[in-house]
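Colleague: Attaching a single structure in C-alpha cells format; questions to follow.
The values are calculated or read from the model by the stated rules, or taken from the named source; none is laboratory data. Given the structure is predicted, the values throughout are model-derived calculations rather than measurements. Quick reminder, even Gly has a Cβ in these numbers, built from the backbone with ideal geometry, and neighbours come from all protein chains shown.
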Amino acid sequence: MKQFVYHDFTQSIKGLTTTREGGFSSAPFMSFNLAYHVGDNDELVKKNRSLLLNELGIKEDHLILTYQTHSTVVKKVTRDDLGGGMNSFNTGIPADALYTYEKGVAIGVFHADCVPIMFCDSKRGLLGVIHASNQNSVQHFTKRCLEYLKQNENVNTEELLVYIGPYLSFSHNEIGTEARDQLLKQGFSKCLKETTGRIFLDTYFLNYLDLVDSGVLPERITVSPFCTFENPKLFFSVKNGAITGRMISLIINK
C-alpha cells in the first residue's frame, strides 16, 4: 500500500503528499480523503486524519491547514495558529500559501490536480508550502510568494530547496482563450500548446519558470514523476470526476 509519497529535504525536514489509498471513505471519496469541504462524511475524514497524524507522529493541533480559495495570499504560521483547519475547512488559515519557522508543526494545502510546491531554507529553519492552481498560477502566485519572503523574511532564494509534488500534467489541462491571451501577453508561450482548436496549459512549467525567475537554482528543484489524472488509483483528480476527495501536501521540520 502506497499511502504517502515522501520527499526528504534534509534529515529532519520532510515533505509528503498523501494518496487516496488506505483510508475509510466510501466512493466517490474512496478512500483516504482528507478534506471536509468536498461532501464526504465528516467522521470518516476525521478517521483519515487520525491516520495521517499517526504517520507524522504529531499532536492533532500541530497539523495546520489552509482555508484556500485559489487566492494569492501567503501567511506566516506561528504557535498561535495551532489547530487551524483541523476540525473544519472554514477554520483553516485563509491563504493559499503558508510558511513557518516552527519545529514539530506540519503545514499543508489541499489539492487534487493543482500543483503543490513545498520548499525550505534548512539553514534558517524556514518551511513553506504553496497551492498553485490554474487561477493563481496565471497571476504568478509562486513568484509573488517568494518576493514576499524576500521582502519580509530576508530569504535568499538561492538557498531554497524545492519539491513539486504530484499534479495534473499539461496534456490533460485544457484552458480557455482568456487565460491563453493573458499568458501570451506576459511572454509565457512556452507554457502553452494549441492543437485542433484546443489549448493546454503546463501549470507545473509555469511555476517552475517563476521559481527560477525568483532566483531558485534549477539543481535545487525536485519534481514528482506522477500525474494525478494518469494515476487514478493513487491520486484524486477532478478531471476523473467532479465529485472526488483531496490529498494534502505538507512539510514538517521534526
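Colleague: Of all residues in the range 19-47, which are surrounded by 22 or more Cβ atoms within 10 Å (Cβ to Cβ) and either touching a Ser or Thr at 6+ places or on another chain (Cβ under 8 Å) or part of a helix (DSSP H, G or I) (or both)?
Modeller: Restricting attention to the range 19-47, the residues satisfying the condition of being surrounded by 22 or more Cβ atoms within 10 Å (Cβ to Cβ) are 19-20, 23, 29, 32-36, 40, 45.
Result: Arg20, Gly23, Phe29, Phe32, Asn33, Leu34, Tyr36, Asp40, Val45.
Colleague: Quick check: anything in the range 56-67 at pLDDT below 95 and buried (at least 17 other Cβ atoms within 10 Å of the Cβ)?
Modeller: Yes, the conditions are met somewhere in the range 56-67.
Colleague: Return the total of residues in the range 128-148 being surrounded by 23 or more Cβ atoms within 10 Å (Cβ to Cβ) and either out of contact with any helix residue (DSSP H, G or I) (no Cβ under 8 Å at 6 or more places or on another chain) or assigned to a helix (DSSP H, G or I) (or both). Spell out the reasoning first.
Modeller: Pass one, the range 128-148, residues surrounded by 23 or more Cβ atoms within 10 Å (Cβ to Cβ): 128-132, 136-137, 141-142, 145-146.
Then drop every residue that is not either out of contact with any helix residue (DSSP H, G or I) (no Cβ under 8 Å at 6 or more places or on another chain) or assigned to a helix (DSSP H, G or I) (or both), which leaves 129, 131, 136-137, 141-142, 145-146.
Counting residues in the range 128-148 that are surrounded by 23 or more Cβ atoms within 10 Å (Cβ to Cβ) and either out of contact with any helix residue (DSSP H, G or I) (no Cβ under 8 Å at 6 or more places or on another chain) or assigned to a helix (DSSP H, G or I) (or both) gives 8.
Colleague: Looking for whichever is hydrophobic (A, V, I, L, M, F, W, C) and within 23 Å of Phe29 (Cα to Cα) here; the options are Phe119, Phe188, Phe141, Phe110. Which one fits?
Modeller: On the way: Phe119 fails: within 23 Å of Phe29 (Cα to Cα); Phe188 fails: within 23 Å of Phe29 (Cα to Cα); Phe141 fails: within 23 Å of Phe29 (Cα to Cα).
Exactly one residue qualifies, and that residue is Phe110.
Colleague: How about the range 153-209: which of its residues are among the aliphatic types (A, V, I, L, M) and in a loop (DSSP other than H, G, I, E, B)?
Modeller: Start the filter on the range 153-209 by keeping residues that are among the aliphatic types (A, V, I, L, M), which leaves 155, 160-162, 164, 168, 175, 179, 183-184, 192, 199, 201, 206, 209.
Hits for the range 153-209 are Val155, Leu160, Leu168.
Colleague: At pLDDT 95 or above, under 18 Å from Arg49 (Cβ atoms), of a type outside the set (Val, Ile, Thr) and touching a Gly at 6+ places or on another chain (Cβ under 7 Å): is that true of Gly85 in this structure? Please lay out each step first, then the result.
Modeller: Working: at pLDDT 95 or above: yes; under 18 Å from Arg49 (Cβ atoms): yes; of a type outside the set (Val, Ile, Thr): yes; touching a Gly at 6+ places or on another chain (Cβ under 7 Å): yes.
Yes: the conditions hold for Gly85.
Colleague: Suppose the filter is without any contact (Cβ under 8 Å) to a residue 12 or more places away in the chain, among the hydroxyl-bearing types (Ser, Thr, Tyr) and more than 25 Å from Ala132 (Cα to Cα); does Ser50 pass it? Give the steps one after another, and end with the answer.
Modeller: Values: without any contact (Cβ under 8 Å) to a residue 12 or more places away in the chain: yes; among the hydroxyl-bearing types (Ser, Thr, Tyr): yes; more than 25 Å from Ala132 (Cα to Cα): yes.
Criteria met by Ser50.
Colleague: Based on what the data block shows, is Arg220 among the basic types (Lys, Arg) and surrounded by 20 or more Cβ atoms within 10 Å (Cβ to Cβ)?
Modeller: On the way: among the basic types (Lys, Arg): yes; surrounded by 20 or more Cβ atoms within 10 Å (Cβ to Cβ): no.
So Arg220 does not fit the description; no.
Colleague: Let me ask something else about it. Would you say Asp81 is over 18 Å from Met247 (Cα atoms), without any contact (Cβ under 8 Å) to a residue 40 or more places away in the chain and crowded, with 18+ Cβ neighbours inside 10 Å?
Modeller: Values: over 18 Å from Met247 (Cα atoms): yes; without any contact (Cβ under 8 Å) to a residue 40 or more places away in the chain: yes; crowded, with 18+ Cβ neighbours inside 10 Å: yes.
Answer is yes for this residue.
Colleague: Here is a follow-up. Which one of these is in contact with an Asp or Glu (Cβ under 6 Å, 6 or more places away or on another chain) and of a type outside the set (Val, Ile, Thr): Leu168, Leu192, Leu209? Even if it seems obvious, please write down each step before you answer.
Modeller: Details: Leu192 fails: in contact with an Asp or Glu (Cβ under 6 Å, 6 or more places away or on another chain); Leu209 fails: in contact with an Asp or Glu (Cβ under 6 Å, 6 or more places away or on another chain).
Only one candidate passes the filter, namely Leu168.
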